[in-house]
1. Based on the Cβ-Cβ distance from Val186 to Ala422, what FRET efficiency comes out when R0 is 56 Å, to the nearest 0.05?
2. Percent of alpha carbon pairs in region 340-455 separated by more than 22 Å?
3. Can you give the helix-only mean residue ellipticity at 222 nm for the chain, where every DSSP H stretch with n ≥ 4 adds -39500 (n - 2.57) and the sum goes over all residues, rounded to the nearest 500 deg cm²/dmol?
4. Based on the mean of other beta carbon atoms within 10 Å per residue, what is the order of 383-394, 95-106, most packed first?
5. Tell me, Kirkwood radius of region 204-258 from alpha-carbon pair distances, in Å?
6. Given charges of +1 on the Cβ of Lys and Arg and -1 on the Cβ of Asp and Glu, with all other atoms neutral, how large is the dipole of the chain about its Cα centre, in debye to the nearest 20?
7. Could you list Arg253, Arg77, Arg329 in order of exposure, starting from the residue whose Cβ has the fewest other Cβ atoms within 10 Å?
8. Which order do peptides 117-130, 360-373 fall in by mean Cβ count within 10 Å, highest first?
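Since every read-out is calculated from the coordinates, none of them should be taken as a lab result. Being a predicted model, the structure only gives us computed values, none of them experimental. Cβ placement follows ideal geometry from the backbone for every residue including glycine, while neighbour counts extend to all protein chains displayed.
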Amino acid sequence: MSTVDPQVGARPRTWLALAVLCLPTMLAVVDLNVLFLALPRLSADLNAGGSAQLWIMDVYGFMIAGFLVTMGSLGDRIGYRKVLLAGAAVFVVASVVGACADSVAVLIGARAVLGVAGATVMPSVLALIRNLFTDPRQLGTAYGIWGTSIMVGVVVGPSIGGLLLGAFWWGAALLIGVPVMGLLLVAGPFLLPESPGGGGGRLDPLSVVLSLAAILPFVYGLKEIARGGPDLPAVAAVVAGLVFAALFVTRQRRLDNPLLDLRLFANREVRGGLSLAFVLAFSMAGVGLLVTQYLQVVKGLSPLAVGLWMLPPSLAMIVAGNVGPALARTVRPAYIFSAGLVLAAVGAVAITRIGPAAGVGWLVAALFVLYVGSSPIGVMTNTIIMGSAPPEKAGSAGSLTSTSGELGLALGVAVFGSIATAAFRDRVAVPAGVPADLATTAGDSVHGALTVAGRVPGPAGTQLLDSAQAAFTGGMHTVLAVVAVLFAALAVVSIVTLRHLPASGSADAAPAPAPAPEPVPAAA
């Protein structure tokens with residue numbers, strides 16, 4: 001089979017449409033963490049307690065995770081552009097309401113609506129990019145650029161929030177979405193193709209309820225386990241989510257027009273790509289959690305300093321993420337994945353050799369290797385999944401990609417956080433000079449140990465501090481060793497499951513589906 005003409009779908013208008021799609025993607029990521037720096041000020045203004053603060057921060061991510069499947073399926077039915085533009089309009093209104101909130105309840109409600117609107121972004125954008133680009137090589141490049149927008153959002157989100165908070169009130173951080181989504185609403189009808197819709201009939205309301213009942217308690221339970229350990233309410237939430245997930249799957253099998261077509265999982269490329277994306281998100285959650293805490297609790301760096309030290313490997317990740325699709329024009333994706341994962345495993349092993357007294361530069365260098373090796377997977381799996389799914393199920397495929405990442409991150413934080421905590425408790429030694437009423441707190445967590453060490457004078461406080469830092473470092477070593485094993489295993493899995501996929505520039509590469517006709521401007 002011959003390749004598609006490289007000029008097909010590569011007009012400046014098409015690339016401009018891609019740029020417009022990258023902006024809401026970056027915004028959806030920025031909004032996940034833009035309020036971190038604003039939390040002290042908004043808490044004081046709104047009199048938000050500890051529980052309210054957690055809901056203010058978390059409800060946005062909860063609602064995105066819960067509604068991804070529904071919004072992807074809705075796009076398959078009525079059209080991806082319609083869903084994206086409707087979500088953008090709601091996002092603008094909710095951003096203004098949240099920025100002007102005068103109570104905790106209004107702010108939490110606005111953040112929840114923002115999450116529902118944000119859930120329209122990833123599935124619709126992934127499907128629209130697939131419709132815009134017909135050449136497999138250009139499709140890979142487009143998804144590489146789109147993936148870059150996600151990583152840029154992660155990197156610049158705190159910086160943008162800090163700049164706005166330095167000049168305005170805390171609500172300004174929420175107004176970032178107004179110009180971005182406003183631009184999408186203005187340019188979208190002229191630049192973005194509309195899918196015909198009609199892929200799957202009407203939505204099944206019970207399936208929507210079951211999907212929410214499965215994902216929301218599951219993610220909530222995992223976050224609570226990561227924060228405070230596996231107490232009864234958190235474990236019950238996880239179990240409830242799994243039960244509703246089983247009910248959801250059972251219902252999808254019985255419906256003629258399911259909310260989520262389970263036949264997507266029968267596709268080997270989709271199944272392999274989702275597995276890679278999930279395990280990568282799961283592993284990187286553990287890496288990010290432990291490394292950033294190490295820099296703060298062991299090396300004593302401020303959050304700003306941690307962000308600056310993490311910037312070089314993050315930038316390297318952005319560059320390497322775009323090199324992957326370029327290499328995939330001549331090298332099979334499975335070989336790129338396998339080589340990158342072996343490199344990432346080497347970086348993880350290198351971190352296990354870094355002790356409490358090591359320089360920060362050694363850790364950053366090891367992270368550099370780990371990030372460079374793993375970054376092509378995050379970008380290229382989107383190309384594989386979206387290019388392998390049926391065109392009429394592109395929204396559902398996009399929602400699966402995003403949901404696998406969300407669940408992988410939540411599960412990774414919970415699992416690796418628990419592993420690190422257990423390793424710390426097993427290793428830490430509380431000196432005899434620590435008062436009995438503080439010894440339990442000191443042996444429970446590294447943050448408790450650091451707090452107690454600051455209150456205990458003399459050699460006992462110093463010994464507790466040294467022991468806590470060494471114990472935490474040992475826990476980080478345990479987590480990174482597990483991550484190294486996962487990366488090595490994933491390298492084998494990628495070869496076994498995806499080695500049949502050709503390079504995108506080869507004669508065997510199948511073209512992406514043809515885009516929908518160009519929309520006619522409203523003025524015409």
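1. Numbers: r = 53 Å, r/R0 = 0.94.
Here the calculated transfer efficiency is 0.60.
2. On the way: 3928 of 6670 pairs.
Counting pairs separated by more than 22 Å, the tail of P(r) holds 59 percent.
3. On the way: 18 runs with 393 residues, N = 524.
-26000 deg cm²/dmol, from helical runs alone.
4. Numbers: 383-394: 23.2, 95-106: 17.2.
So the order, starting with the most tightly packed, is 383-394, 95-106.
5. Values: mean 1/r = 0.0870 Å⁻¹.
About 11.5 Å for region 204-258.
6. Working: 27 positive and 22 negative charges, 136 e Å.
It works out to roughly 660 debye.
7. On the way: Arg253 9, Arg77 21, Arg329 15.
Sorted ascending by nearby Cβ count, the order is Arg253, Arg329, Arg77.
8. Working: 117-130: 29.0, 360-373: 20.1.
Ranking, from highest mean packing down: 117-130, 360-373.
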